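Working notes, beginning with the structure itself.
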Amino acid sequence: MSRRRLTRQQKARIAAIRERRLHQAQHESDKLPARHDETPRDGIVVVRHGRSLVIADNERHLVNCQFRQNLGDIVCGDRVIWHSTGDDDKGVVTAVKDRTTLLSRPAYGGHEKPLAANLTQLVIVAAPSPPPTGYLLDQYLAAAEHFGLRAILVLNKSDLHGNEHDKLLEQFETYENIGYRVLHVSTKQHAGEEKLRSALQGESSILVGQSGVGKSSLVNMLLPDLDVQTGALSKTSGLGKHTTSSATLYFLPQDGTLIDSPGVRSFRLLIGDRAELEQGFREFAPFLGHCQFGDCRHEQEPGCALTEAVESGKIADWRLNHFRLMAQALEKT
Ligand code: GDP
Ligand code: ZN
């Protein structure tokens, strides 16, 4: 739920929309194909196109499913119960299982738009070229903490040596010191590939990072059968060539899944308030609540435990600076 408060008028409008949708869903449910088989089966949502889903069953067989709108907003990665409608690759989704995590981005009117469900890992990609801008990496890390995802950092293009690479190495050393896993990779030289594969083993991951750092190259490296998977998807969805604009779940050759789409690669962070933002910087934890003033903003206040931690070398100065910039940005929204 968004922590922004809704006006009474907004609430009434939302209630009206919900009512209309429910009505529509009840009406539309009459049009759904009948269940042929009463046996409930497990599936995972691979991609959603409007009102239809492609799901994979336990044998990774793809099925094109319809679903009732009253099931809510189903997204890529959702675990569902479905029934066959007789045709080999057609079915109806009848329930969505509880999600362990839900990645979402802010949408119009203070709502959140769900992007992907049941992820376990945010894989944050950076490179010496283009170098990370501003506090972007820290923003992704705070997002990982916010959504309850493990974060790992990939320094791609490690073949490019020079000033920018050295600067990043230093920054990533700090990330390692505060407990994040860091991987050095070069898709060009296939360096670090095995370590990255084992970090993705058994996990449900998503790659994020700014444009040009090598995310497509990484996806291609990790999924040697990408064409086969997208081919099977277009066949099942019946939509012709599979477009990668919707978040799509891919199966890694080893155990594990990778969710990818241009839209989710650059999602914006939704942090409700300052207290929540503080939780997004994990090394701040031992110092929070120890400032002289209960409502310390960790700027110029005397007796600020975070400022003191920076002075004694326990927190990197640029991490606190990035926190301050993010907190200021929060106030402007
Ligand atoms: P994306 O925008 O994050 O998906 O980045 P791309 O995968 O499209 O890569 C952007 C550019 O970086 C392309 O020209 C790639 O060939 C190049 N690139 C990707 N990985 C590496 C690498 O490990 N080393 C070098 N030198 N270039 C790379
Ligand atoms: Zn403080």
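The stretch between R68 and E173 holds 32.9 nm of extra length on full extension. This uses 0.36 nm per residue minus the Cα-Cα distance. Each listed q (0.24, 0.29 Å⁻¹) maps to a log10 I(q)/I(0) for segment 280-333 from the Debye sum over equal C-alpha point scatterers, namely -0.98, -1.31.
Legend: distances between Cα atoms for K90/K235; K215/K314; K195/K215; K113/K167; pairs beyond 24 Å are K215/K314; K113/K167. If you model segment 102-266 as an ellipsoid using its alpha carbon gyration tensor, with each semi-axis the square root of five times an eigenvalue, the axes come out at 26, 20, 15 Å, biggest first. Ordering F147, F281 by the number of other Cβ atoms within 10 Å of each residue's own Cβ, fewest first, gives F147, F281.
Values in this text are rule-based calculations from the coordinates and carry no lab data. Keep in mind that what you see is a predicted model, and the values were worked out from it rather than measured. Positions of Cβ are generated from backbone atoms using ideal geometry, with glycine treated the same way; all protein chains shown enter the neighbour counts.
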